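The values are calculated or read from the model by the stated rules, or taken from the named source; none is laboratory data. All values derive from a computational prediction rather than experimental measurement. Glycine also receives a Cβ, built like all others from the backbone with ideal geometry; neighbour counts cover every protein chain displayed. The protein model used for the area step is the full one, side chains on, heavy atoms only, and it has no ligands, DNA or RNA in it. Shrake-Rupley method; radii C 1.70, N 1.55, O 1.52, S 1.80 Å.
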Amino acid sequence: MASIGTPTQRGCSGAVAGDREAITRLIQLQGDDPAALIEVLHQLQQIEGYLAARSLHQVARQLRLPLSRVYGVASFYHLFRRTPPPVHCCAVCLGTACFVNGALELLAVLELRLAQQARAGGWVLERMGCLGACGSGPVLRLDQGLAIRVRLAPAPKLDAQLEAIGLPPLGRATAR
Amino acid sequence: MSKPAPARLRCCDASACRNAGGLALRQALLAARAAAGLQPTSLAIGAVGCLRLCGRGPLVAADGPGGSRLWGGLSPEQAALLVAAAWVDADPPLALASPQASPPASPPTPVPPASAPLASSSDPLASYRLDLSHPFFSLQQPVVLEHCGLIDPDCLDQALAHGAYSQLRRCVRQLTPEAVRQEVRRSGLRGRGGAGYPTGLKWDTVALQPPGPRLVVANGDEGDPGAFMDRTVLESDPHRLLEGLAIAAWAVGAERGYVYVRAEYPLAIARLRRALDQISQRGGFGVAFTGTPWPLRLELRVGAGAYVCGEETALLQSIEGGRGTPRPRPPYPAQRGLGGAPTLINNVETLAAIPPILRQGGDWYAAIGAGNQASADKPASGATTATLGSRGTKVFSLSGAVVHTGVVEVPLGMPLRTVVETMGGGVVGGAPVKAVQTGGPSGGCIPAALLDTALDYEAMASLGSMLGSGGMVVLGPHTAMPELARYFMGFCVEESCGKCLPCRAGTVQLAALLDRFVAGQAEAADLDRLEALCAMVKATSLCGLGQSAPNPVLATLRHFRPEYLAACREEPRWA
Amino acid sequence: MGVITLSVNGAAVAVPSGATLLAACRSAGIALPTLCYLEGLSPVGACRLCLVELEGAGRPLAACVSEAAEGMVLRTDTPQLVNFRRMGVELFFAEGNHVCAICVANGCCELQDVAVAVGMDHSRFPYRYPQRSVDASHPLFSLDPNRCILCTRCVRACDELEGAHVWDVAERGSHCRIVAGLDQPWAEVEACTSCGQCVDACPTGALFRKDDTNVTSHPQRQRAALLQEARQRHSWRNQGPPPP
Amino acid sequence: MSRTVVIDPVTRLEGHARITLQLDADGHLVEARFHVVEYRGFEKFCEGRPFTEMAAITARICGICPVSHLLAAAKTGDKLLAVRIPPAAAKLRRLLNLAQISQSHALSFFHLSSPDFLLGWDSDPAKRNLFGLMATDPDLARAGIRLRQFGQQIIELLGGRKIHSTWAVPGGVRSPLAPAAKIWIQERLPEAKATVSLALGIYKRLLDGPLQREQRSFGNFPSLFMGLVGPEGHWEHLEGWDGGEARGPGGAGGSGAAGGHGGLRIRAADGSLVADGLREDDYASFLAEAVEPWSYLKFPYYRSLGYPEGIYRVGPLARLNVCDRIGSPWADAELVELRQRCGPVATSSFAYHHARLVEIVACLEGIELLLQDPELEDPHVRARASLNRREAVGVSEAPRGTLFHHYRVDDNGLITRVNLIIATGQNNLAMNRTVLQIAREFIPDPVPAGMEIPEPLLNRLEAGIRCFDPCLSCSTHAAGSMPLDLELLAADGTLLAQRRRGA
């Protein structure tokens, strides 16, 4: 069995959304078992990149669950998306170790930096619970990859570091 | 943890080292071996589980006739040197300097430039070399982690060669469930997930329920920020957990079970999946591993990002495919759990301690904590701090502002100072330790003055903290306590399931109150309000998350009250 | 069925075995406040207002979900409990937008009643003023989430009495809200039978009949118990006055 | 150097306001401004609410005329439902509005204004209030208080409470008239009539004597007047254009005049009809609202004459000026006398006081007539329907003048847009002009340098505003009590003198 959907698979939509038969099959593989709802949602998100209302409807119907129950579960867990994933995502780990090492300050810097990019439709900044990379904080997750020890530094140095790990270069408007 | 063997390079393949470039390094090592014309028979290069010093990853250990050596902070450029060093025997170890000796001279991070050692030293790997005799390693007593870092977590045969499933076989073939439970009771093992409930008693409760089906669940929803003990076990030795869970199933009469792992641990999930596949490929737990037709079936359930699912009734809801909202207890899951059946829920580390307990005996395990206490470095105070209730070892994840970050397994009862200062090397840059945060969002803060407190359940609780699941975050002088409390409260606001009022609405108000302290805009009345609301949320919340959400506030208030007072304005806002 | 005796606020009470602490308190004539509890629906212990102190127990117990046991010594009125309850009501008011003056349930609102009972005349905690919109899509009823206290009575009434399960809780923590179907306008959820059980179960003015305006709402909150009894035991307790 | 006099805050008003008097370089008074310094927010926060709640929400705008908002909101609701409400409901609503107008006018006359007339403009300001009146003429004061109580009691008997009742609902009213209530009202009517008769007698004597200067100089200028009239041109206080079946003060009036639809009528100072039979639905076509940077209160004007030439007045005097007759004997006789004193169209704002007393007579007679109508006790008082229109305008005559509620709703009946046009706003231009006129009458020209603002001047300027009995809290949005500030400003804006009266 393939690995389940995880945060690292965000945005890597393999199949065309709306492949009803693929969804039917994956639910059948779980034995049409209502208790497998979360597993089904994981796999659905892996296929479609997010949980579309139409797909949730299909899940509910096939698992014979009330619509509101399916929606309640899909919206309870932070890793389930109900909207298409952004093109690029930069997530800041806010685990304790990262916090102690300046993750909040880093987040503030990134908020300023990515404000422009978000408008351009490219990047979205997210906060994320502890990734468990506590030995190497602060940690950023950039799309699939992980950037470790992104320590706060004076602007030019930090900018260079952020650029080096794959964030878009600063636009002219934000340059001082 | 040294193990005499033919020349072998063990590459840490746990997620911390992977994140630091471990995979590329291993590829480079394989290429270097090929380039050097060596065969796998003369130099084995393999992935293993966690080598402990996560902050210095990627880590590689070499085993040879002369013993074991360890390097950290490596990059693929060092591959050829490592292959050479592993193949020939090498010099005495050097690099992991003891902080007492020369703290600021060579801070372990950032990683030193690759060119420096080549130019200056006769051993070009000298600056990467880590000292295995350093207390960080030498004071560890691996029980749960005994095979962690030695075996390839993806390889069942290696696990079997190290004795995996031998205790399960012995249990099923030779021991009655009662005999197994008795051994667990004798060990004095308590739940390692934080609550510290006696494991044997829990097993008995499930086993002694009226006849009918029972279930077992391994709780791998390790959500405390700053905690990665269970992840270490799952990524390094998944069969160890499965064996412990299977033994638990035998001991309580269950034939079905679940391993619930948080989705944020993709590597652990992949390895558990593979481990379960390996077992089913060989015919399941029954015939293949015990030689009996025992029909035990274990399944993996993956969370989806909800801290509250670490609470056992919420976890059950989640396994059943629902919202992870806790329900009132009693009835406890041991009485009524999955599908109404008695359900045993144990934390991953707890279950991973079971095979060695059965192998060595409960008395052996029980002697670990107590024995350490009797021969402690500080006998005068140690003798009074009885650890009757805290036996065996505990895995801690050490992180934050500490020099050596990583995973340590030490006997319970060890003074906190030993872990933080002797093993962890104190705060980066030689600054004094301000406090140690233990137990995550439900735990507390131990100020530097109390660092001599023993790491046991009762001593920690008496300080208003808790041993917790084992996350240990060291705080340096620049961390402001109201900010820390606000950080944890923000975490609880995010993670509250929203079912009961005090947790749903109370944490929001507490966070807002703490905001005023963080901003230096608080009034004296806010402090009263803060304490009153903390008391209310703590006493009236439905589950452990809400009940412990005020702990970081109360603990920091208890030990660092002046910081809160300093954040109060002198004049009330509406004078 | 056996009988259990216990002490509530110093008075001895006898209840059938299996009874809850709430039943024990009420049979002792003590009006323990409740919001999420509704007779006829399964209890959830979520509002934490019916907390009682049990001698020897570490923390207060929610009376609606705790079973009575022989010899228990309960207190319902300690200064600490009184304080906690009042704080709880303050938190309810601060987390939503409760404007009694314009509310359909003004005068027949259980939250209002509890506020009066615990003497809450203002909240010490700042109001959060959440942004929530009204769902008035259903031809007969409306949902105003501003007045919702997330007691989930509607969810349970719809699921347990009517079997339609139109409602459930979505999101998490302070973002929790009641949703119909896949977070759809109520009228679009075909499962709804328009039976009105949810409206009758609602303790506040969050669910109301569209005809109702300020202070005209008269929800039949005892219906849940009557219907549950009728469905499970085929026993009917008829309501209302006899015909002339 | 030019200067400005500022009165801040203006007292004995419902709301908070400030008056500035602007002088030019030669010390001549060039402008008077009545600043309403409260913020108006109701229209915004009604958005997203069910239209059925509008009555309850808008009734909470203030405690003075909740009934007027309640009725306007309920009537707008009737139109959204597209129902014609049951006859009993229409009559009960009329009863409610008559009670409201009479109690509000009683408050204005006895509590707020009569101390000036009876105790004198220059009397001790500390005693120039209702309590001073109680000391001087306890019988009159008590009668005035009881007259107001009479109106309030009717409101409570109908709606369950004196203030903020939400008894009127879209489609009708919540409950029919209780027989006991009817009896109570009938028993108290004679006393109420006696009180208003007494007050009229006193007031007319004062008009013949000490109040002549005020009658002449308090906002006496030509302008338009607007108000509702019945299908036959009767005095009307509730029904808009073809709005219902009940007509005339007691509902007994017109079903006669061919093509008579009632509606809004606008009359000029010369007596000519500027417009008649206007539909409230079309208010935007004949009314417009100007905005000035120095006040939160908008400045409505009659659109075809432009701003500020389209100045018009609403309220008791306007209603009496626009109608042909009232329709009940005593009130009609009083109307004739008022017109004899002031001409066919009374243009002095001071005559608002007189008009209020005449309207109380009309209300009491109207109540008496309604109580004789057996249909009043019909238990069918509410028409039920679902939403049938997306937009509606409701109108009623509040004590202070015409009140418009204009709602737009979405398909589910949730409010998407609200516009409220309040009587006080419509009198805004007139109030400013009144202040200027009083200032010119009572301040020496040019204003002497270093002039202190004497208390009697302050009082007269306030009294000019009080002619309109303005209620600023609903025309804006109250966030405090009701003080007034007066400032005298030089041409360059420097403050020359200031007088402030606390709440």
Counting other chain Cβ atoms within 10 Å of each Cβ in B:538-546 and taking the mean gives 4
Ranked output for segments D:101-109, D:190-198 by mean other Cβ atoms within 10 Å, highest leading, reads D:101-109, D:190-198
Here the percent of antiparallel bridges among DSSP beta bridges lying wholly in the protein assembly as shown, to the nearest 5, is 70 percent
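Per residue, how big is the convex hull of the range B:388-474 when only Cα atoms are used? Give it in Å³.
In the range B:388-474, the Cα convex hull volume per residue is 75 Å³.
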Expressed in angstrom and ordered largest first, the alpha-carbon extents of the protein assembly as shown along the principal axes are 127, 86, 65
In square angstrom to the nearest 100, the accessible surface buried at the A/B interface, both sides summed with a 1.4 Å probe, amounts to 3400 Å²
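Rounded to the nearest 0.05, what FRET efficiency do D:S285 and D:H28 have when you use their Cβ-Cβ distance and R0 = 41 Å?
0.55
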For C:221-233, B:392-404, ranked highest to lowest by mean beta-carbon neighbours within 10 Å, the order is B:392-404, C:221-233
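Using Cα pairs under 8 angstrom and six or more residues apart, how large is the relative contact order of chain B, in percent? Before the final figure, lay out the partial values.
Numbers: 1235 pairs, mean separation 76.4, N = 575.
Averaging sequence separation for qualifying contacts and normalising by length gives 13 percent for chain B.
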In whole Hz, the Karplus estimates of ³J(HN,Hα) for the range B:153-159 (6.51, -1.76, 1.60; θ = phi - 60°; x where Gly or Pro) are x, 8, 10, 5, 4, 4, 4
Under the helix-only model (-39500 (n - 2.57) for each DSSP H run of 4 or more, divided by the residues of chain D), the mean residue ellipticity at 222 nm, to 500 deg cm²/dmol, is -12000 deg cm²/dmol
In short, the range C:83-117 residues buried by 40 Å² or more of accessible area relative to the isolated chain (1.4 Å probe) are C:F84, C:M87, C:L91, C:E95, C:A101, C:I102
Probe 1.4 Å, protein heavy atoms only: C and B together bury a total accessible area in Å², to the nearest 100, of 2500 Å²
Relative to chain D, whose Cα atoms define the longest principal axis, helix D:455-466 and its Cα axis are tilted in degrees, nearest 10, by 30 degrees
Output for the range D:356-453 (equivalent-ellipsoid semi-axes, sqrt of 5λ from the C-alpha gyration tensor, Å, descending) is 44, 26, 7
Taking Cα pairs closer than 8 Å and at least 6 residues apart, the relative contact order of chain D in percent is 32 percent
If N is the residue count of chain B, its Cα Rg over 2.2 N^0.38 Å rounds to 0.99
Over all viewing directions the Cα convex hull of the range A:88-164 casts an average projected area in nm² of 4.6 nm²
Counting other chain Cβ atoms within 10 Å of each Cβ in B:16-24 and taking the mean gives 3
Once both label points are put 7 Å beyond Cα along the C-beta direction, the B:D515-B:L208 separation in nm becomes 5.1 nm
The percentage of the accessible area of the protein assembly as shown (probe 1.4 Å, all protein chains present) made up of carbon and sulfur atoms, to the nearest whole number, is 55 percent
Over chain B, the sum of -39500 (n - 2.57) across DSSP H runs of at least four, divided by residue number and rounded to 500 deg cm²/dmol, gives at 222 nm -11000 deg cm²/dmol
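Are any of the pairs D:K79/D:K193; A:K157/B:K434; D:K44/D:K298 more than 26 Å apart by Cα-Cα distance, and if so, which?
D:K79/D:K193; A:K157/B:K434
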Simple spin-label estimate for B:T292/C:S27, 7 Å along Cα→Cβ, in nm, reads 4.7 nm
Note to self: C-alpha centroids of the range D:57-130 and the range D:364-410 sit apart, in Å, by 15 Å
Ranked output for segments B:218-226, D:456-464 by mean other Cβ atoms within 10 Å, highest leading, reads B:218-226, D:456-464
The range B:6-63 and the range C:158-215 have their Cα centres apart by a whole-number Å value of 58 Å
Note on the range A:88-164, DSSP bridge orientation, antiparallel percent to nearest 5 equals 50 percent
Expected unfolding gain across B:Q27-B:R169 under the 0.36 nm per residue rule, minus the alpha-carbon gap, is 47.4 nm
Ignoring ligands, DNA and RNA, the residues of the range A:59-92 whose accessible area with a 1.4 Å probe is reduced by 50 Å² or more relative to the chain alone are A:L67, A:S68, A:R69, A:Y71, A:F76, A:Y77, A:H78, A:L79
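How would B:W87, C:W236, D:W121 line up by accessible area, probe 1.4 Å, largest first?
Solvent-accessible surface, decreasing: C:W236, B:W87, D:W121.
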Note: D:41-49 gets an average of partner chain Cβ contacts (10 Å, Cβ to Cβ) equal to 2
Chains C and D: accessible area buried, summed over both chains, 1.4 Å probe, nearest 100 Å², reads 1300 Å²
Using the Kirkwood radius over Cα pairs of chain D, the Stokes-Einstein translational diffusion coefficient at 20 °C and 1.002 mPa s, in µm²/s and rounded to a whole number, is 94 µm²/s
Per the rule of 0.36 nm per residue minus the C-alpha distance, extending D:T416 to D:K127 adds in nm 99.2 nm
Between B:L139 and A:L104, the FRET efficiency computed from the C-beta separation at R0 = 30 Å comes out, to the nearest 0.05, as 0.35
Given unit charges at Cβ for Lys, Arg (+) and Asp, Glu (-), the dipole magnitude of the protein assembly as shown about its Cα centre in debye, nearest 20, is 1920 debye
The helix D:138-159 Cα axis meets the longest alpha-carbon principal axis of chain D at an angle in degrees, between 0 and 90 and rounded to 10, of 40 degrees
For D:L264, the accessible surface traced by a 1.4 Å probe with all protein chains present amounts, in square angstrom to the nearest 10, to 0 Å²
Given the candidates C:L91, C:I149, C:V189, the one whose Cα lies deepest towards the positive end of the charge dipole of chain C, counting +1 at each Lys or Arg C-beta and -1 at each Asp or Glu C-beta, is C:L91
Between the alpha carbon centres of the range B:258-316 and the range B:454-472 the gap in Å comes to 29 Å
P(r) over all Cα-Cα pairs of the range C:100-233, 5 Å bins from 0 to the longest distance, whole percent per bin, short to long, reads 2, 10, 19, 23, 20, 15, 7, 3, 1, 0
Probe 1.4 Å, heavy atoms of protein chains only: per residue, the accessible area of the protein assembly as shown in Å² is 36 Å²
Sorting C:H234, D:H28 on solvent-accessible surface, 1.4 Å probe, most exposed first, gives C:H234, D:H28
Distance in nm between B:Q39 and C:E55 label points, each 7 Å along Cα→Cβ, equals 8.2 nm
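For a Förster distance of 56 Å, can you work out the FRET efficiency between the beta-carbons of C:A14 and B:A525, rounded to the nearest 0.05?
The computed FRET efficiency comes out at 0.75.
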